[in-house]
Amino acid sequence: MEQFIGDTAFQQRYRFEEPPELSGKRVAIVGGGPAGLSAAYQLRRRGHASTVFEMQDQLGGMFRYGIPGYRTPRDILDREIERITELDPIDVRTGIRIGRDLSIEELEAEFDAVLWSIGCQSGRDLPVDGWSDTENCVSGVKFLEAFNTGRMQVGAEKVVCIGGGDTSVDVVSVARRLGRIKNLNSQDPPEAVIGGYTAHDSAMAAMRQGAQVTLTALF
């Protein structure tokens, strides 16, 4: 039902309700990902103007640069972002890195408040000696960013992915599409793991509401 409502809003190009009159307050939002865009929307609902500063060329943050497009279709992502940014006056300045193109002092002088929503785009290093100096070792976040921005250059014939979370599943799925995974169990594709995570999260939410849930699987 929720997806149907969302799809209908997308297809019919529904817009948000008209926001209230401006309060005269202006907020600088550093980071144009989910947190920054949500903040801009909520601030405008309360009458405050904002300017979003994003170091990348496009808004979206991890949704755009950390998750492959076959999982989050870019047309839907762009439309969701557009629904927020069309709430005047939400200004957007992309390609701006705070500290290089604009100083913190300049932000504090121009705006009434500064909100930092820079996300977690650095990834985690392995606790292994020499990890940072090894050319063919890269974090999953950087791997996916290179894929999503069209900068992917994989020369190795085999890819080893260490980890079993959502990021690892995306890395393995991308590597498979690049033809770098040969020995794949046909009954256990990487994409199927995502469905398992979704089922588990739904079950935990239902249990918190008092439901009795039993997760089963066929092996």
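Out of V114, V92, V52, V138, which single residue is of a type in the set (A, V, I, L, M) and under 20 Å from V159 (Cβ atoms)?
Just one listed residue meets the conditions, V138.
Looking at D125, D88, which one is within 25 Å of Y41 (Cα to Cα) and outside the structural domain of D170 (by TED's automatic domain parsing)? Steps first, answer last, please.
Values: D125 fails: within 25 Å of Y41 (Cα to Cα).
It is D88.
So which residues in the stretch 108-150 are part of a loop (DSSP other than H, G, I, E, B), hydrophobic (A, V, I, L, M, F, W, C) and under 16 Å from G33 (Cα atoms), if there are any at all?
Matches in the stretch 108-150: I118, C120.
Can you tell me which residues in the stretch 17-37 are touching a helix residue (DSSP H, G or I) at 6+ places or on another chain (Cβ under 8 Å) and either aliphatic (A, V, I, L, M) or surrounded by 13 or more Cβ atoms within 10 Å (Cβ to Cβ) (or both)?
P19, R26, V27, A28, I29, V30, G33, P34, L37
Six or more apart or on different chains, Cβ atoms under 9 Å: show the pairs whose first residue is in the stretch 57-74 and closer than 19 Å to I29 by Cβ and whose second is surrounded by 14 or more Cβ atoms within 10 Å (Cβ to Cβ) and aromatic (F, W, Y).
Q58/Y65
How many of the residues making up the stretch 15-33 are at negative phi and in contact (Cβ under 8 Å) with a residue 60 or more places away in the chain?
The number of residues fulfilling the criteria is 12.
The values are calculated or read from the model by the stated rules, or taken from the named source; none is laboratory data. Keep in mind the model is a prediction, meaning the values are calculated, not measured. Methodologically, a virtual Cβ is constructed for each residue, glycine included, from the backbone with ideal geometry; neighbour enumeration extends over all protein chains shown.
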